[in-house]
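For reference, the structure is listed below as structure tokens.
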Amino acid sequence: MDHVAVLDVGKTNKKVLVFDDGLRIVAETYQSIPADESGPVHVEQVDATWDWFLEQLALLGPRHNIRAVSVTTHGATFVCVGRDGRRALPVVAYTTEPGEDFARRFYERCGDADTLHRTLGTPRLSALLSVAKGIAFVQERFPDEFSRVETILNLPQYFSYLLTGRAGAECTYTGCHTYLLDYRTLGWSSVADALGIRALLPAPIARPGDVLGPLAPDVAARTGLGRETIVTYGIHDSNASLLPFLIQHDEPFVLNSTGTWCVAMCPSQAPDLSDEERRRGVFLNCDAFGRPVRTAIFMGGNEWGTWGKVIQKATGTDAVPDYGAALYREVLRAADTFIFPGLVPGTGPFPRSSSRLHERGRTYTLREIEEGRARPACMSDAATAYAVLNCGLAVQTCEQLRSVGLRDGMPVYLEGGFRKNPDYQTLLASFFPHSPLVLTGMKEATAFGAALLARAALAGRTLKELRGDFQIAGEPARVTPLEGVAEYREAYVRLAEA
């Protein structure tokens, strides 16, 4: 039986998973390897990740007939390779904050932010959440090292390069808020020329499921895998999660993938964004077939975790209260208490919002509450505080889903951490009573999408031909919609950026 292996690079957790020819997980292993954030420049530990991958493949290889390898990684990260074939400078993490002066220099050099958003589908994001910004940053910060760079690789393709010795680029990572993909030609954009890096970027831009090459001899020797093992180009993680739905569906849908970043994705027919869409931070992704996907993100999981700790400290409880419809009706009817986002300014549907709690006309900052200098009334009861938190997250999701193109009748697939949050599900179903809310049961959705690429390449089949090989496990959210969500949303939106 032929197996495929997936190397899954999350922001903190790294994984190796093995799938059999029925696309079932037969082995999986995990390791926490976070970025080093001890200095002003945060650095991804790619060397440690690569060593761990080799160790795991060497352990898994003798037990499974691994014939293909696929890589998927988190976004906004690149690796510069020198003329000697080795990494030429540190892999700067996108959480590095270069400051407003740097941002001003970048846009003076590459073009007006609004114009770039309109023409290239990439919004203005904070820190180094755009690969082009990251490249400009290392050009300034490490000029000597950068002068010796021969190739710039996106993160999935760096690991595929280590596996094969061959450099390449593919559309999903290149098209994910990088400023580097021209959606109309699926080639490198004008920003690549403004940065003077076109010659350093692999061309042409491939599809993620294309075969980059066979395993390099040294990797085969170290892992025990056969030299004939094929390696695909690799894929961006959110697009890997989207791929099974694209294969199974011909009709419009929205995928609401929840985690640290909550990502709403809606396949589109044209790479055009309206003024309102751009104002709300909607940007373009490129799917595995080279087509545009309207996308919106906010740090919902981060907001939940941060405010959850505040609630637990204030109320002295670690437990998340059970859902109570009567309490939610009371919070929604009053529409006078809100938790607003802002942990990462410049992102989400309310980019100018700041982290705070607004209660009956008074505003308390997140820091004031964290430090015990303020004690809003809702923070004396965990159930009430969590209800307010969930309402805020649901409003943000509502704005996301509307902005990417959700219309009545289109199904919403909910995956990730919030799939286990019945309060959130009830609120979301209340906002969209005419759209089925489906809770997906797909284990390791990102790795599964990457495995589909390897399976299709190994079998010599198209991705669409895999439609009959799997089903998207899911069930309708069995919740009773609540009244009052529209009024609560109206008040929230009015105050969020006030």
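The values are calculated or read from the model by the stated rules, or taken from the named source; none is laboratory data. As the structure is a computational prediction, the values presented were derived from the model and not from experiment. FYI the Cβ positions are ideal-geometry reconstructions off the backbone, even for glycines, and counts take in every protein chain you see.
Considering only residues in region 311-331 that are among the acidic types (Asp, Glu) and closer than 27 Å to Arg489 by Cβ, the one that is farthest from the chain's Cα centre (by Cα) turns out to be Glu330. Go through region 334-344 residue by residue and tally those that are at pLDDT 95 or above and touching a helix residue (DSSP H, G or I) at 6+ places or on another chain (Cβ under 7 Å). Summing the residues that are at pLDDT 95 or above and touching a helix residue (DSSP H, G or I) at 6+ places or on another chain (Cβ under 7 Å) in region 334-344 gives 6. Could you say whether any residue in region 319-333 is in contact with a Lys or Arg (Cβ under 9 Å, 6 or more places away or on another chain), in the same structural domain as Val479 (by TED's automatic domain parsing) and at pLDDT 95 or above? There is no residue in region 319-333 that is in contact with a Lys or Arg (Cβ under 9 Å, 6 or more places away or on another chain), in the same structural domain as Val479 (by TED's automatic domain parsing) and at pLDDT 95 or above.
Condition check ((1) within 28 Å of the chain's Cα centre (by Cα); (2) of a type in the set (Val, Ile, Thr)) across all residues:
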position: Gly213; (1), (2): yes, no
position: Val219; (1), (2): no, yes
position: Arg222; (1), (2): no, no
position: Asn239; (1), (2): yes, no
position: Leu243; (1), (2): yes, no
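Applying the criterion of at least 3 residues that are buried (at least 21 other Cβ atoms within 10 Å of the Cβ) to the helices (runs of 4 or more DSSP H) found wholly in region 114-175 leaves 131-141, 155-164, 171-174.
Tell me, which residue of region 338-382 that is among the acidic types (Asp, Glu) and assigned to a loop (DSSP other than H, G, I, E, B) is farthest from Gly316 (Cα to Cα)?
Here is the first cut: in region 338-382, the residues among the acidic types (Asp, Glu) are 359, 368, 370-371, 381.
From what's left, assigned to a loop (DSSP other than H, G, I, E, B): 371, 381.
Values: Glu371: 15, Asp381: 10 Å.
Per the stated criteria, the residue is Glu371.
Looking at the structure I just gave you, is Val79 touching a Lys or Arg at 6+ places or on another chain (Cβ under 9 Å) and closer than 26 Å to Asn239 by Cα? Working first, answer last.
Details: touching a Lys or Arg at 6+ places or on another chain (Cβ under 9 Å): yes; closer than 26 Å to Asn239 by Cα: yes.
Here the answer is yes, as Val79 does meet what is asked.
Can Arg104 be described as closer than 22 Å to Val41 by Cβ, basic (Lys, Arg), assigned by TED's automatic domain parsing to the domain that holds Ile197 and surrounded by fewer than 22 Cβ atoms within 10 Å (Cβ to Cβ)? Outline the logic, then answer.
Numbers: closer than 22 Å to Val41 by Cβ: yes; basic (Lys, Arg): yes; assigned by TED's automatic domain parsing to the domain that holds Ile197: yes; surrounded by fewer than 22 Cβ atoms within 10 Å (Cβ to Cβ): yes.
For Arg104, the condition - closer than 22 Å to Val41 by Cβ, basic (Lys, Arg), assigned by TED's automatic domain parsing to the domain that holds Ile197 and surrounded by fewer than 22 Cβ atoms within 10 Å (Cβ to Cβ) - is met.
Taking region 249-303 as the range and being among the aromatic types (Phe, Trp, Tyr) and over 13 Å from the mean Cα position of the chain (by Cα) as the test, the residues that pass are Phe253, Phe289.
From the list Phe283, Phe298, Phe289, which residue is closer than 28 Å to Pro481 by Cα and touching a helix residue (DSSP H, G or I) at 6+ places or on another chain (Cβ under 9 Å)? Lay out the reasoning, then the answer.
Values: Phe283 fails: closer than 28 Å to Pro481 by Cα; Phe289 fails: closer than 28 Å to Pro481 by Cα.
Result of the check over Phe283, Phe298, Phe289: Phe298.
Listed here are the residues, each with its yes/no results for (1) in contact with a Leu (Cβ under 6 Å, 6 or more places away or on another chain); (2) among the aliphatic types (A, V, I, L, M).
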{"position": "Leu155", "(1), (2)": "no, yes"}
{"position": "Cys176", "(1), (2)": "no, no"}
{"position": "Ser189", "(1), (2)": "yes, no"}
{"position": "Ile197", "(1), (2)": "no, yes"}
{"position": "Asp218", "(1), (2)": "no, no"}
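Residues that are under 25 Å from Ala326 (Cα atoms), free of Cβ contacts under 8 Å to residues at least 60 places away in the same chain and not hydrophobic (A, V, I, L, M, F, W, C) within region 458-489 comprise Pro476, Arg478, Pro481, listed in sequence order.
Among the residues of region 269-305, how many are of a type in the set (S, T, N, Q), surrounded by fewer than 20 Cβ atoms within 10 Å (Cβ to Cβ) and over 30 Å from Asp318 (Cβ atoms)?
Pass one, region 269-305, residues of a type in the set (S, T, N, Q): 269, 274, 285, 295, 302.
After this cut, where a residue has to be surrounded by fewer than 20 Cβ atoms within 10 Å (Cβ to Cβ) as well, the list is 269, 274, 302.
Now restrict to residues that are over 30 Å from Asp318 (Cβ atoms): 269, 274.
Final tally of qualifying residues: 2.
Does region 308-322 include one or more residues that are in contact with a helix residue (DSSP H, G or I) (Cβ under 7 Å, 6 or more places away or on another chain) and within 30 Å of Gly187 (Cα to Cα)? Scanning region 308-322 turns up no residue that is in contact with a helix residue (DSSP H, G or I) (Cβ under 7 Å, 6 or more places away or on another chain) and within 30 Å of Gly187 (Cα to Cα).
Would you check which residues across region 345-375 are within 27 Å of Ser126 (Cβ to Cβ), touching an Asp or Glu at 6+ places or on another chain (Cβ under 6 Å) and not polar (S, T, N, Q) and list them? Let's see the steps before the verdict.
Pass one, region 345-375, residues within 27 Å of Ser126 (Cβ to Cβ): 345-358, 363-371, 373-374.
Narrowing further to those that are touching an Asp or Glu at 6+ places or on another chain (Cβ under 6 Å): 349-350, 352-353, 374.
Within region 345-375, Pro349, Phe350, Arg352, Ala374 meet the criteria.
Every condition in (1) farther than 22 Å from Ser147 by Cα; (2) free of Cβ contacts under 8 Å to residues at least 12 places away in the same chain is met by Leu57 except one, and the failing one is (2).
Report yes if some residue within region 357-371 is without any contact (Cβ under 8 Å) to a residue 60 or more places away in the chain and crowded, with 24+ Cβ neighbours inside 10 Å; otherwise report no. Among the residues of region 357-371, at least one is without any contact (Cβ under 8 Å) to a residue 60 or more places away in the chain and crowded, with 24+ Cβ neighbours inside 10 Å, which makes the answer yes.
For first residues located in region 25-41 and within 20 Å of Val92 (Cα to Cα), partners that are small (Gly, Ala, Ser) and lie 6+ apart or on another chain with Cβ distances below 9 Å form the pairs Ile33/Ala48; Ala35/Ala93; Asp36/Ala93; Glu37/Ala93; Val41/Ala93. Of all the criteria given as (1) in the same structural domain as Pro341 (by TED's automatic domain parsing); (2) without any contact (Cβ under 8 Å) to a residue 24 or more places away in the chain, the one not satisfied by Pro217 is (1).
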